[in-house]
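Enquirer: Could you have a look at this structure, given as structure tokens, before my questions?
Since every read-out is calculated from the coordinates, none of them should be taken as a lab result. The structure presented is a predicted model; accordingly, all values stated were derived computationally and were not measured. All Cβ positions, even for glycine, are placed from backbone atoms using ideal geometry, and neighbour counts span all protein chains on display.
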């Protein structure tokens, strides 16, 4: 009975957390995006500060982030609307290819293939477009959050010193945070270059083969490469 009660409490707690996160998505999305942008700015800025003054490195980092965001929005804007319209034709073509494939082996298409007509990918694609539009609409709020985070980053050491009075404990905390930061920055740099390489090669292959919306698929490959795999 206690195990059942514990399971019920855990289930309803998880459901409550999911509900709160879903309801407050308009609040969390700008914060998460701002955190990512702020960290990318500091990572890029510190990385290129070896070859130029720190203030100039920060300006270059801001320029690179703005350029990257502009290119991404340009690619999405040019391709997504056309992709949504082309989805029904792609579904029909996929059905034909699968039917031909089974026919080569003298097999009838499985019943699962009949359910392909019932799958409507258009609402999913439109949902992705809506999410991207929402993020773009949060641009002003995200900018404010990024500025706030960057200001806080500049005074982080002073705040840590005020929070941890003991010199030994403060040095230990700073060493641990510096180690974590270096490891994360190394991961971000390596992942970024590998993602760029993979996306560039994929774009070249897709363009050579003649696949539609090659820029969009290459961008998607670039972004998906940042998702950890285990």
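Enquirer: Based only on other Cβ atoms within 10 Å, what is the fewest-to-most ordering of 72, 40?
Expert: Ranked by crowding around the Cβ, least crowded first: 72, 40.
Enquirer: Please report Rg (one decimal) and Dmax (integer) in Å for the Cα set of segment 166-230.
Expert: Considering segment 166-230 through its Cα atoms, Rg and Dmax are 18.6, 64 Å.
Enquirer: Sticking with this structure for a sec: Work out the FRET efficiency for residue 174 and residue 201 from their Cβ-Cβ distance, taking R0 = 30 Å, and round it to the nearest 0.05.
Expert: 0.15
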